[in-house]
Amino acid sequence: MRTIGYGLPRLGEKRQYKTLLERFWSQKITENDLQKGMQELERERLLTYQAYVNLYPSGELSWYDPMLDLCVALGLIPSRFHPYKGWTSYFQMARGASALEMTKWFNTNYHYLVPEWEEGVQLAPNPQFFVEQYELARQLGHANALPSLIGPYTFLALSKEEGLSLSSDQIENYAERLLPAYKQLLEALVQVGAQGILVHEPAFVLDEPPVPLIGYLYHALAAFPLYVLTYYEAVDFYPRLVELPVKGVGLDFVSNTTNLQQLTQYGFPDDKVLIAGVIDGRNVWRADLKKKAAEVESLAKRVKEIWLSPSAPLSFLPLSKAPETHIAPPIWDRLSFAKEKLGELRVLSQYVAGEASAQTEVEYSAALWQGEPLGVHPPTRERVANLTESDFVREVPYTDRFRMQQESLQLPPLPTTTIGSFPQTEDIRALRKAYKEGKVSSTDYSARIREKIAEVIRYQEDLGLDVLVHGEFERSDMVEYFAERLEGFAITQQGWVLSYGSRVYRAPIIYGDVWRPAPMTVEEIAYAQSLTKKPVKGMLTGPVTILNWSYAPPGKSKEEVAYEIALAVLDEVRDLEAAGIKVIQIDEPAFREGAPLKKKDWPTYFRWAVRAFRLASRALPTTQIHSHMCYSEFESILQHIWEMDFDVVSIEASRSKGTLVEEFRRFPQWDRQIGLGVYDIHSPAVPSREAIAQVIEAARRVLPDELLWVNPDCGLKTRRWEEVTPALTHMVEAAQAARNQVRLA
Ligand code: GLN
Ligand code: ZN
């Protein structure tokens, strides 16, 4: 039984990937240096693969994004980038002023670049990158390397034209253009000696796949030695999938048991390889290899040839747990990052082959999971077990709360506020770093943070904002900040994962029961409030977002964990109230993206997600609860958003006025206050007063004045003060002008 790995993180042992790209972009190194650095990194990656598995890909080391690589290889270049001039154009498409749109890759936290089709586009294929990558692997002695590409269907399914996903007609139409180009690419790879080609088709697992079209595409490519990988979920067209004219099919056996059931029911053809995704490629936990071996043995009875693989690309895991020596041994022992996952594949295959050397490790991995679960906290378990319906319902209904809060807050119509963070300048990042490294005492650190808070409070008063924030200067990241202060979380030091381009983040690891040993935000918020008569918003990250942006613990339902986090947030809400805070914002930017890939699983997800938010936000009726979400495509979920029962929500709207109007027209029961983001904080451009006034006007046409707030569409931490000051000045002016009209009306 062979093993195959894929998706080994691009970042590298020392984060060379990030350094190389960023130094190239700031012109500190030449294209030639970048090329050499990338080759060196590829050498490191291929050696890692070789150390653990029999088969592995070439061509994974994209210089920005694999979707973009395929756009270039197929020659799908939007006309604004013509003529295409090598890497200069590549990086313009990736990150220039008119770059391709970027969006989330399935249910991961990675963002890919969206292929853009244009009426009448002519594809001009250029297989150079993939050919060179394959040749490099061969030169380095990796004769078994398999070129790796995104599949034709996934490419089309994730494409857009004029900002909209392709309709099924457009997909069929563009498939005709894509096929000759895709064939040329495959042909070029076969010509330089590729024996097999890995084709990633995660879009096969989405709802209602167009099976005839998929069949058509793959019959057209039947002459090539393709191995099709599906992952992130089970496929809904198993019998047709395994009949495609390909050499191998990859299935995810970890997400759930559906693929296994289908395989048992329909069998698996003898003339194909099953690439069995048995080691979890999405989570950081070590497998019980004894259990896995039993699964593999039962598969082996039904399938002639199996390659053992991860259940999904390892790309979104940290590279290795080796540097995380500060994590307590019982937790560390149970961790498995990308490299360790490859090691598990090796041991598993050796064990199944009856090699005695693998015995000990397999036994050990099984024993690991037999002991006491990690981080058990009986009082927390008891609290969750004792929850009753009333814990999920605020005592006073919204209409009455609305009146009570108006009375106590005395805000003008169309109140202005911001989303929480203010610019995180170099000095503030340096200060936090010095504090973490123990170079600044905690007294000095608090004093410096207080100074910043005092400045930003004065600043907001001068601007004339109505509800103020403390600026979030003490936070590097909205999830990590809380994870560091809650029990049940482990924080890695080097566990970086790519979010897009060269951007990285570290997701916290939830290993045990989550609870709050002490207040987390009260000191800063109460201090901010002590400096002003205007209300200061307490700023918290919501339970669904904390959970969705962390690795979930083993052996527990997400619902259970969400309630534990919600109770910790609730404790914080209560302490903020006790400290005199009247407005509290609980951010949930990951509320929607946490939804499962298949619609059939949505009701279950939204049920517990809504309940977790309600549990966390069960504040006094006089406390005004805000939430914030960084998107506005609520499509069919407006009902769930409404069920969260907040008092005010702020959302992105500056880029999508039209669709939003439609959403609200279709949901007339909407009665909550809403802050439509009146300008796009992702752009450095300063919005004019008129542009902001237009968004306010558009909102006033759809929703009653007494429900409207005025705010930017997200936090300001990535912006510079020089941009923020004029933008907020215009915003306050536009709000005041609109307010006068409201008063006249
Ligand atoms: N309160 C956070 C901030 O302003 C919200 C960030 C977010 O929505 N992603 O930075
Ligand atoms: Zn946001």
Check: So which residues in segment 287-301 are in contact with a strand residue (DSSP E or B) (Cβ under 9 Å, 6 or more places away or on another chain) and open to solvent by 40 Å² or more (accessible area, probe 1.4 Å)?
Finding: Glu295, Ala300
Checklist line | Any pair with Cβ under 7 angstrom, 6 or more apart, that starts in segment 400-427 at a residue that is free of Cβ contacts under 8 Å to residues at least 40 places away in the same chain and ends at one that is more than 16 Å from ligand 2 (Cβ to nearest atom) and open to solvent by 10 Å² or more (accessible area, probe 1.4 Å) | finding: none
Check: Are any residues in segment 480-505 in a strand (DSSP E or B) and out of contact with any Pro (no Cβ under 8 Å at 6 or more places or on another chain), and if so, which ones?
Finding: Ser499, Tyr500, Arg503, Val504, Tyr505
Check: Looking at segment 559-578, is at least one residue open to solvent by less than 10 Å² (accessible area, probe 1.4 Å) and assigned to a loop (DSSP other than H, G, I, E, B)?
Finding: no
Next item on the list: Go through segment 630-647 and count every residue that is under 21 Å from the mean Cα position of the chain (by Cα), open to solvent by less than 60 Å² (accessible area, probe 1.4 Å) and within 16 Å of ligand 2 (Cβ to nearest atom).
Entry: 5
Notebook entry, point to check: Mind checking which residues of segment 508-527 are in contact with a Leu (Cβ under 7 Å, 6 or more places away or on another chain) and of a type in the set (A, V, I, L, M)?
Noted result: Val514, Val522, Ile525
Item checked: Among (1) of a type outside the set (Ser, Thr, Tyr); (2) under 21 Å from the mean Cα position of the chain (by Cα); (3) open to solvent by less than 50 Å² (accessible area, probe 1.4 Å) - the single one Leu660 does not satisfy -> (2)
Note to self: Being surrounded by 14 or more Cβ atoms within 10 Å (Cβ to Cβ) and either away from ligand 2 (no atom under 16 Å from the Cβ) or not in a loop (DSSP other than H, G, I, E, B) (or both): is that true of Ala685 here?
What the structure shows: no
Next item on the list: Could you please let me know if Tyr56 is modelled with pLDDT of 95 or more, closer than 28 Å to Ala552 by Cβ and surrounded by fewer than 23 Cβ atoms within 10 Å (Cβ to Cβ)?
Entry: no
Check: If you check Arg381, Arg394, which single one turns out to be crowded, with 16+ Cβ neighbours inside 10 Å, basic (Lys, Arg) and away from ligand 2 (no atom under 16 Å from the Cβ)?
Finding: Arg394
Check: Within segment 95-103, can one find any residue that is within 26 Å of the chain's Cα centre (by Cα), in contact (Cβ under 8 Å) with a residue 40 or more places away in the chain and open to solvent by less than 20 Å² (accessible area, probe 1.4 Å)?
Finding: no
Next item on the list: Among residues belonging to segment 458-486 that are under 20 Å from Asn109 (Cα atoms) and among the small types (Gly, Ala, Ser), point out the one that is surrounded by the fewest Cβ atoms within 10 Å (Cβ to Cβ).
Entry: Ser476
Check: Does Lys28 satisfy the condition of being outside any helix (DSSP H, G or I), open to solvent by 20 Å² or more (accessible area, probe 1.4 Å) and without any contact (Cβ under 8 Å) to a residue 24 or more places away in the chain?
Finding: yes
Check: Ile546 passes all but one of (1) under 30 Å from Phe237 (Cα atoms); (2) open to solvent by less than 20 Å² (accessible area, probe 1.4 Å); (3) within 16 Å of ligand 2 (Cβ to nearest atom); which number fails?
Finding: (1)
Next item on the list: Tell me, yes or no, whether segment 304-316 has at least one residue that is of a type in the set (Ser, Thr, Tyr) and within 19 Å of the chain's Cα centre (by Cα).
Entry: yes
Next item on the list: Within segment 720-745, track down each residue that is at pLDDT below 95 and touching a helix residue (DSSP H, G or I) at 6+ places or on another chain (Cβ under 9 Å).
Entry: Gln741, Val742, Ala745
Item checked: Tabulated pairs, segment 556-572, first touching a residue at least 24 places away in the same chain (Cβ under 8 Å) and farther than 10 Å from Val514 by Cβ, second surrounded by 18 or more Cβ atoms within 10 Å (Cβ to Cβ) and basic (Lys, Arg), C-beta under 6 angstrom, 6+ apart or interchain -> Asp571/Arg516
Check: Among the listed residues Glu722, Glu706, Glu733, Glu690, which satisfies the condition of being among the acidic types (Asp, Glu), away from ligand 1 (no atom under 16 Å from the Cβ), more than 18 Å from Pro412 (Cβ to Cβ) and more than 31 Å from the chain's Cα centre (by Cα)?
Finding: Glu690
Check: If you check Arg10, Arg23, Arg45, which single one turns out to be crowded, with 21+ Cβ neighbours inside 10 Å, part of a helix (DSSP H, G or I) and not acidic (Asp, Glu)?
Finding: Arg45
Note to self: Tell me whether segment 440-451 contains one or more residues that are in a loop (DSSP other than H, G, I, E, B), at negative phi and either in contact with a Leu (Cβ under 8 Å, 6 or more places away or on another chain) or open to solvent by 60 Å² or more (accessible area, probe 1.4 Å) (or both).
What the structure shows: yes
Next item on the list: Keeping to segment 397-438, report how many residues are of a type in the set (D, E, K, R) and open to solvent by 80 Å² or more (accessible area, probe 1.4 Å).
Entry: 7
Notebook entry, point to check: So how many residues does segment 523-534 have that are surrounded by fewer than 17 Cβ atoms within 10 Å (Cβ to Cβ) and not in a loop (DSSP other than H, G, I, E, B)?
Noted result: 2
Item checked: Qualifying position, being among the β-branched types (Val, Ile, Thr) and closer than 21 Å to Glu643 by Cα, among Ile681, Ile674 -> Ile674
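The values are calculated or read from the model by the stated rules, or taken from the named source; none is laboratory data. Note that this is a predicted model, so its numbers are computed, not measured. Cβ sites come from the backbone with ideal geometry, for glycine too, and all protein chains shown count toward neighbours. What goes into the accessible areas is simple: the full protein's heavy atoms, side chains included, and nothing from ligands, DNA or RNA. Shrake-Rupley method; radii C 1.70, N 1.55, O 1.52, S 1.80 Å.
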